[in-house]
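Note sheet for the following structure.
Taken together, the values in this text are just the output of simple stated rules run on the coordinates, not laboratory data. Everything numeric in this text was worked out from a predicted model, so none of it was measured. In this analysis, Cβ positions are derived from the backbone assuming ideal geometry, glycine residues included, and neighbour counts consider all displayed protein chains.
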Amino acid sequence: MANAAAPTAAVPTLAPPLEQIRHLAEELRLLIPGVRVGEALETTKEFHPETFWRRLNEAAVNVSREATTLTEVFSHLPLPSPQETQRFCEQVRAAIKAMIAVYYSLPKNQGITLRKLVRSTTLDIVDGMAQLMDVLVMTPTQSSENNDLISYNSVWTACQQVPQIPRDNKAAALSMLTKNVDFVKDAHEEMEQAVEECDPYCGLLNDTEDNSDNHGDEEDDGLGYPNNRDLYWSEEDQELIIPCLALVRASKACLKKIRISVAENGKKDQVAQLDDIVDISDEISPSVDDLALSIYPPMCHLTVRINSAKLVSVLKKALEITKASHVTPQPEDSWIPLLINAIDHCMNRIKELTQNELELFPFAEKMKPSFILEESSQARVPIPNPVDIDLYPCCHPEDEVSALPKLNLHF
């Protein structure tokens, strides 16, 4: 008994190739939440930007190479053996974790905005690789000209974005501000197009109108057949749209001027102030979208008023933060008070046009935030006469224009 040979340790059995790929995809997706909320690694070492960007580029190139290899070996028969698949998976896992580790080495003092851009690209790479795994599992041994190459291309595209990331927080701030300007510009153009064509839904409901002859008049107001109130603006609606458009135009002008101030006066070492400007500016585009959506019929005037007030609050906060920062060396710079005055006049006109609706629903007074119901505590800035600034299209009725100052901001 004593001389009996000890039992041989059991060798773990490797999962089939596609099963290993599936498990790796799940493992990569589990990394994503941690990257989203992960903090920079604490270190006493001095940060060297050149070293960081070189390592990040090398990590992206390595991930792209592993994606190419994986696509090639799984796009034809025979599939790799379980042992070979394990080696491929380990290489992919190591490449992704190296990419994440480089991102974590970017300290906060280099700027939150810059870290967000690097994080976003890192997440795109991780998610793109996981998508590639899914396709390889679902459509194995298919030609690389099909879906697997499409998903691989998304990984490659994300890796190719790494050299395009701004290299400092000021450049990152300008990149984000430019995107926000473009978003608001698109929203404003869509609103103007809908108003000019007097077709809120730009012909999307033509099929319904073409089939209306097949139904009686009594059915037009039934379920599935919206009436005119649901499809078109009333005269009151069109009247309210005018200051709403002006407010969106002021939002675009506000973002443009903030971007110009950052470009001309922003300092790379003032990362905290640049981050604050970007953070509040990021709220403008979603607020514009909320207002733009609320003007489509059937329009609820109270909703328009609330969304307008939310946008005004964000705009004023953005201007206050910009004014107090280093990008505005002369706080008395005339463009800030002019924009604040224009914003106030837009909101006052919206309040006038929605006051009747507010009186019909007194409970709304208690439901809405205080900044919607109360006048701004900020002192009104006088505008010199005559005023040559016009936020309102020249095609508007004279009675509308006369009720509001003409503020023409061409920035």
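Quick one: of Lys256/Lys317; Lys108/Lys256; Lys179/Lys267; Lys97/Lys267; Lys108/Lys268, which pairs are farther than 22 Å apart, Cα to Cα?
Where the Cα-Cα span goes over 22 Å, the pairs concerned are Lys108/Lys256; Lys97/Lys267.
Which of the peptides 37-46, 307-316 is most tightly packed, and how do the rest follow, going by the mean number of other Cβ atoms within 10 Å of each residue?
Values: 37-46: 9.0, 307-316: 22.9.
Those peptides, ordered most packed to least, come out 307-316, 37-46.
Contact order normalised by length for the stretch 237-367, with contacts defined as Cα pairs under 8 Å and 6 or more residues apart; what percent is it?
On the way: 98 pairs, mean separation 49.2, N = 131.
In percent, rounded to a whole number, it is 38.
May I ask you to order 240-249, 349-358 by the average number of other C-beta atoms within 10 Å around their residues, highest value first?
240-249, 349-358
Just how far, in whole angstrom, is the stretch 68-109 from the stretch 230-284 if you go by their alpha carbon centroids?
Centre-to-centre (Cα) distance: 42 Å.
For His301, what charge total do you get from the other residues with a beta carbon under 9 Å from its beta carbon, if Lys and Arg give +1 and Asp and Glu give -1?
Charge balance in the 9 Å sphere: -2.
Highest mean first, what order results for 80-87, 57-64 on Cβ atoms within 10 Å?
In descending order of packing, they fall as 57-64, 80-87.
Using a simple charge model, +1 on the beta-carbon of Lys and Arg, -1 on the beta-carbon of Asp and Glu, nothing else, what dipole does the stretch 253-319 show about its Cα centre, in debye to the nearest 20?
Taking the Cα centre of the stretch 253-319 as origin, the dipole is about 300 debye.
Each residue of the stretch 23-32 in order: what ³J(HN,Hα) in whole Hz does its phi give by Karplus 6.51 cos²θ - 1.76 cosθ + 1.60, θ = phi - 60°, with x for Gly and Pro?
Karplus-based 3J(HN,Hα) across the stretch 23-32 equals 5, 5, 4, 5, 5, 5, 5, 6, 6, 4 Hz.
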